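Trainee: Submitted below is the structure of interest, expressed as structure tokens.
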Amino acid sequence: MEMFKNVLIRMTKKLYLVEILFFYWFHDVHSPDFLMSQLRLSPTTETL
């Protein structure tokens, strides 16, 4: 039962991420600059 709960949590987290991505895609397709600024704010892309 505990394992099932963990799997469920993992799945919901993944779905949540996908939802966010879709939200960004559909609402900011007209402004890629916004997405780029969001990427620049993340520490992983700062080194590029």
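Trainee: Looking only at the stretch 1-36, which residues are of a type outside the set (A, V, I, L, M, F, W, C) and at pLDDT below 70?
Mentor: His27, Asp28, His30, Ser31, Pro32, Asp33
Trainee: Failed condition for Leu48, given (1) in a helix (DSSP H, G or I); (2) among the hydrophobic types (A, V, I, L, M, F, W, C); (3) at pLDDT below 60, with all others met?
Mentor: So Leu48 meets the others, but not (1).
The values are calculated or read from the model by the stated rules, or taken from the named source; none is laboratory data. Bear in mind the structure is a predicted one, so any value in this text is a computation, not a measurement.
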